[in-house]
Amino acid sequence: MSRSNLSRRAWACGSALALVLMALAAGPAQAHHPRGLRDLAERPLIGTAVNTDLLGSDATYTAILDREFNSVTPENAMKWESVEAQRGVLDFSAADRLIAHARAHRQIVRGHTLVWHSQLPAWLTSGTFTNDELEAILHKHITDEVSHFRGRIYAWDVVNEAFNEDGTLRDTIWLRQLGPGYIAKAFRWAHQADPHAKLYYNDYNLEAIGPKSDAALALVRDLRRQGVPVGIQYPYPDTLGDNLKRFAAAGFDVAITEADVRMPLPVTDEKLATQADYFTGMLNSCQAVRRCVSFTVWGFDDKHSWVPTVFAGEGAATPFDESYRPKPAYFALRAALARHRHW
């Protein structure tokens, strides 16, 4: 299995981990099964993307979620097409359920995502708007959503996947009509709506040192010079550790936010062993950087993983199989966390 079969995303900029841990403690103390991944993790926080349709309706899914993770990210429930399918009609019910569940189980919530070129409502993509009208629509969307969750979400993925692989800005509705300044504006609007939330730039294929991660580093440095609070995220080839370190050295907290390791099907013991090594490498790279504050898998079970629907002939990308049985990758993550724990 080549490293090109890795799929994941990560990183963040923010402030002290202590503030995150304070947020974790804010919910009512609820018992959870001892010795899950969350019990072994002193740092980073251990998170997962959550399919809110399964929350509560699938008892096994929900039990694993609550036992293993102390940070949760809605897979789709906070994306624009989900919260405003009809213009002016806001529906935060699925996301509100996740937040209530997370609070009851001492989990913090990452918001995902405010500005993206994908999963936009049809009324937006099929409409005709002047540049000023589109900017006002985007401003209102960010303000409405962040304000609704103000004080209940510790971090937002504000802008998602804005770069091409060569480091140029992706051709999107936002770039075409608003110009590159839309990124800084989005962060400022999010900060105005919730000054205490940590704000992230989120992208994939940032794990290696190269044109795309160079562009992301230049972006967050420029935003910081403008006084815009920002963070960034990504995953794992050999240079992941060095890449995390250079963002941390530049003064940014970092967080791996969408980690999975897909493989060509069928599954074999050899592929599972390689997958376990890759997950270990990503987590070890995070643990080696003090400013790496969280490690999030993009879904924890193969049955509900996004990978097979996007990559034909590939899958089995998560730490649990389709029957919720832990795979070698899960035990590798446990071992990596235990090695760094101060008993």
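The values are calculated or read from the model by the stated rules, or taken from the named source; none is laboratory data. Just so we're clear, the structure is a prediction, and the values are computed from it rather than from any experiment. Neighbour counts run over all protein chains shown; Cβ positions are idealised from the backbone, glycine included. Heads up: the accessible areas ignore ligands, DNA and RNA and are worked out on the full protein's heavy atoms, side chains in. Shrake-Rupley method; radii C 1.70, N 1.55, O 1.52, S 1.80 Å.
Observations, loosely collected:
Let's see how each residue does on (1) open to solvent by 10 Å² or more (accessible area, probe 1.4 Å); (2) modelled with pLDDT under 90; (3) more than 16 Å from Ala317 (Cα to Cα):
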residue: Tyr200; (1), (2), (3): no, no, yes
residue: Gly231; (1), (2), (3): no, yes, yes
residue: Ala255; (1), (2), (3): no, no, yes
residue: Arg262; (1), (2), (3): yes, no, no
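- The one condition in (1) open to solvent by 20 Å² or more (accessible area, probe 1.4 Å); (2) in contact (Cβ under 8 Å) with a residue 24 or more places away in the chain; (3) within 27 Å of Thr52 (Cα to Cα) that Lys303 fails to fulfil: (2)
- Residue in region 298-314 that is touching a Leu at 6+ places or on another chain (Cβ under 8 Å), under 27 Å from Ala197 (Cβ atoms) and of a type outside the set (A, V, I, L, M) present: yes
- The set of residues in region 266-276 being touching a helix residue (DSSP H, G or I) at 6+ places or on another chain (Cβ under 8 Å) and surrounded by fewer than 24 Cβ atoms within 10 Å (Cβ to Cβ) consists of Leu272, Ala273, Ala276.
- Pairs with Cβ under 8 Å, 6+ apart, first in region 141-170 and among the aliphatic types (A, V, I, L, M), second open to solvent by 60 Å² or more (accessible area, probe 1.4 Å): Leu169/Pro180
- Of the residues making up region 57-70, one or more are aromatic (Phe, Trp, Tyr), touching a residue at least 60 places away in the same chain (Cβ under 8 Å) and open to solvent by less than 60 Å² (accessible area, probe 1.4 Å).
- Selection status of Ala186, under 24 Å from Phe149 (Cβ atoms) and within 16 Å of the chain's Cα centre (by Cα): no
- Selection count, region 42-56, where residues are part of a loop (DSSP other than H, G, I, E, B) and open to solvent by less than 10 Å² (accessible area, probe 1.4 Å): 1
- Residue match in region 179-188 (condition: among the charged types (D, E, K, R), outside any helix (DSSP H, G or I) and open to solvent by 10 Å² or more (accessible area, probe 1.4 Å)): no
- Subset of region 314-343 [outside any helix (DSSP H, G or I), surrounded by fewer than 15 Cβ atoms within 10 Å (Cβ to Cβ) and either in contact with an Asp or Glu (Cβ under 6 Å, 6 or more places away or on another chain) or touching a residue at least 40 places away in the same chain (Cβ under 8 Å) (or both)]: Glu322, Arg341, His342
- Where helices (runs of 4 or more DSSP H) fall wholly inside region 79-141, the ranges with 2 or more residues that are over 22 Å from the mean Cα position of the chain (by Cα) are 122-125.
- Residues being open to solvent by 40 Å² or more (accessible area, probe 1.4 Å) and within 24 Å of Phe163 (Cα to Cα) - total across region 83-128: 6
- Take the conditions (1) within 25 Å of Leu54 (Cβ to Cβ); (2) out of contact with any helix residue (DSSP H, G or I) (no Cβ under 7 Å at 6 or more places or on another chain); (3) of a type in the set (Phe, Trp, Tyr); Phe279 misses just one of them, which is (2).
- Selection within region 163-176 - in contact with a strand residue (DSSP E or B) (Cβ under 8 Å, 6 or more places away or on another chain), farther than 19 Å from Ile209 by Cβ and surrounded by 15 or more Cβ atoms within 10 Å (Cβ to Cβ): Leu169, Trp174, Leu175
- Pairs, first under 11 Å from Ile209 (Cα atoms) and aliphatic (A, V, I, L, M) in region 228-249, second crowded, with 24+ Cβ neighbours inside 10 Å and modelled with pLDDT under 85, C-beta under 6 Å, six or more apart: Leu240/Glu207
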